[in-house]
Amino acid sequence: MKAMTLLTSSAFMMMAAMVVALITNFAGWFPSGALDASVRSNLTILTLVIMLTLSMSRIPASNLNPVKYGRSIARAVFLGMIVAAVIPLIGYLLLKDTEYAKQAAGLVFIAATPFAGSVLPLSIILRGDAEHAARGTIVVYILSLLWIPFIVWLALGNSVDMQFLALTVVELIGIPLVLSRILTKVKINKDVLAAFLNCCIFFMVWLSVGATNFSGNVWWIFLVFIIIAALRSFGLGMCVEVVEKKAGIPWKQRVTDILMTSYKNKGVAIALCVAVYPAGMVAIATSILVEITWVAFMDSVLFSKKRMERELSSESEKPAES
C-alpha cells in the first residue's frame, strides 16, 4: 500500500495517532520539559488555525444564503450545536458536585465546540449532501463565536477567564473564517490537502493525549468518561441513522446529518481547554480515544463502500417501482 494512501486515510491516521500517543504517555516518553502547557497551547492553536483555514477555504461562497436555505441551516444548527451538546452537558451536571468536577469540566468544552471542519470533505467522499455540509459549516462556525463562550459561561461561570476565552475563540475560529475566504480561489490538490490535514490531526492527538496526566484518577472516572463519549458519538450517530432511515431520509442527507451530530471538532476543545482550563483535558483525551474508534467504525461499517453502493442503488430504483 502506498504511503499517500495511508496518509489520506483519516481512520488509519487517527488510529495510528492514538497508538503512538498512548505509548508515549504510558512509557513516560512525552517531552513535557520542552513542551510545557504554554508551548502546547500555542502549538495547538497555531495548528488548528491552519487546519480550519485550509478546510473552510474549500467551501465556495455560493449557496450560502440563510434565507433561501433556512431549513438546511436550521437542521445543521439543531443537530450540530444543540443535540450534539446535550450528552456532554448532562455528564458534566452529574459530575460537577463530585471530587472530579475539574476533570469533568472538559465535557463542557466538548459540548460547546462545533462539529469537525472535515464534515464537508467526508460528505463529498461518502456521497453525502456537500452543499448542506458547506452551508452548515460556515453558519455553525460563525455562531460558535458566541455559542462557545455562552455554554462555557453557563456551565463554569467565574471559574474561567471569560475575556481570555472569548479572545481565544476569535483567534481559533474568527481568523480562519476570514482567511479561508481569501484562499477559496487557490487550487490545492485534494490528496495533498487530505494528507496534510491528517498529519495535523496526528500531531494534535499525540500532543494532547500524549501529554495528559492520567495518574491520580480512579478507574471508574475513566469508565464514566468513556461511556459519555460513546453515547455522544456512537449513541447519537446511530440514533440519527435509525430515526432518519425509518423516516425515509435518503443516504445523501443522512450521511451529513450523522457527521454533524456525532463528529465533534476536538481540536477546538483541546485548544480552549489547554488555554483556559487544563484540568479538563482528562475528559477530552478520553473522548478522543472513543471518537477515533467511531471514525474507524463509520469508515469500515456504517459508511462502507458496499453499503453505500447498495443503499444508493436501492434509492435509485424506488421511482421505477412506484
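So that you can scan it fast, the table gives a plain yes or no per residue for (1) in contact (Cβ under 8 Å) with a residue 24 or more places away in the chain; (2) crowded, with 20+ Cβ neighbours inside 10 Å; (3) within 23 Å of ALA84 (Cα to Cα):
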{"site": "TYR141", "(1), (2), (3)": "yes, yes, yes"}
{"site": "ILE148", "(1), (2), (3)": "yes, yes, yes"}
{"site": "VAL152", "(1), (2), (3)": "yes, yes, yes"}
{"site": "LEU167", "(1), (2), (3)": "no, no, no"}
{"site": "LEU172", "(1), (2), (3)": "yes, yes, yes"}
{"site": "ILE175", "(1), (2), (3)": "yes, no, no"}
{"site": "ARG181", "(1), (2), (3)": "yes, no, no"}
**Request:** Please tell me if ALA112 is closer than 17 Å to SER233 by Cβ and modelled with pLDDT of 95 or more.
**Result:** yes
**Asked** Do we find a residue being crowded, with 24+ Cβ neighbours inside 10 Å, of a type in the set (A, V, I, L, M), closer than 21 Å to LEU272 by Cβ and in contact with a strand residue (DSSP E or B) (Cβ under 7 Å, 6 or more places away or on another chain) anywhere in the stretch 105-120?
**Response** yes
**Request:** Report, by residue number, each residue of the stretch 57-87 that is among the hydrophobic types (A, V, I, L, M, F, W, C), in contact with an Asp or Glu (Cβ under 7 Å, 6 or more places away or on another chain) and closer than 24 Å to ARG181 by Cα.
**Result:** none
**Prompt:** Within the stretch 27-52, how many residues are more than 15 Å from SER208 (Cβ to Cβ) and part of a helix (DSSP H, G or I)?
**Reply:** 3
**Request:** Only one of these is surrounded by fewer than 17 Cβ atoms within 10 Å (Cβ to Cβ) and in contact with a Pro (Cβ under 8 Å, 6 or more places away or on another chain): ALA61, ALA37. Name it.
**Result:** ALA37
**Prompt:** Going by the conditions given, is VAL255 surrounded by 14 or more Cβ atoms within 10 Å (Cβ to Cβ), of a type outside the set (Gly, Ala, Ser) and either closer than 30 Å to SER32 by Cα or touching a Gly at 6+ places or on another chain (Cβ under 7 Å) (or both)?
**Reply:** yes
**Prompt:** What are the residue pairs meeting all of these: first residue in the stretch 43-58, first residue closer than 13 Å to ASN265 by Cβ and touching a residue at least 12 places away in the same chain (Cβ under 8 Å), second residue surrounded by 20 or more Cβ atoms within 10 Å (Cβ to Cβ) and among the hydroxyl-bearing types (Ser, Thr, Tyr), Cβ atoms under 7 Å, and 6 or more apart or on different chains?
**Reply:** SER55/SER118; MET56/THR137; MET56/SER180
**Request:** Kindly establish whether PHE222 is surrounded by 15 or more Cβ atoms within 10 Å (Cβ to Cβ) and either at pLDDT below 95 or at positive phi (or both).
**Result:** yes
**Item:** Scan of the stretch 146-205 for residues that are among the charged types (D, E, K, R) and either in contact with a strand residue (DSSP E or B) (Cβ under 7 Å, 6 or more places away or on another chain) or in a helix (DSSP H, G or I) (or both), ordered by number
**Value:** GLU171, ARG181, LYS190, ASP191
**Request:** Return yes or no: is GLY117 part of a loop (DSSP other than H, G, I, E, B), in contact with a helix residue (DSSP H, G or I) (Cβ under 9 Å, 6 or more places away or on another chain) and under 16 Å from PHE303 (Cβ atoms)?
**Result:** no
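One line per residue, one yes/no per condition, for (1) at pLDDT below 95; (2) in contact with a Leu (Cβ under 7 Å, 6 or more places away or on another chain); (3) surrounded by fewer than 17 Cβ atoms within 10 Å (Cβ to Cβ); (4) part of a loop (DSSP other than H, G, I, E, B):
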| site | (1), (2), (3), (4) |
| --- | --- |
| PHE78 | no, no, yes, no |
| ILE90 | no, no, yes, no |
| GLU99 | yes, no, yes, yes |
| GLN103 | yes, no, no, no |
**Item:** Per-region count, the stretch 10-25, residues over 22 Å from PHE297 (Cβ atoms) and either in contact with a helix residue (DSSP H, G or I) (Cβ under 8 Å, 6 or more places away or on another chain) or modelled with pLDDT under 90 (or both)
**Value:** 2
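The values are calculated or read from the model by the stated rules, or taken from the named source; none is laboratory data. Since the structure is predicted, the reported quantities are computational estimates derived from the model, not experimental observations. Cβ coordinates were reconstructed from backbone atoms using ideal geometry, including for glycine residues, and neighbour counts include every protein chain displayed.
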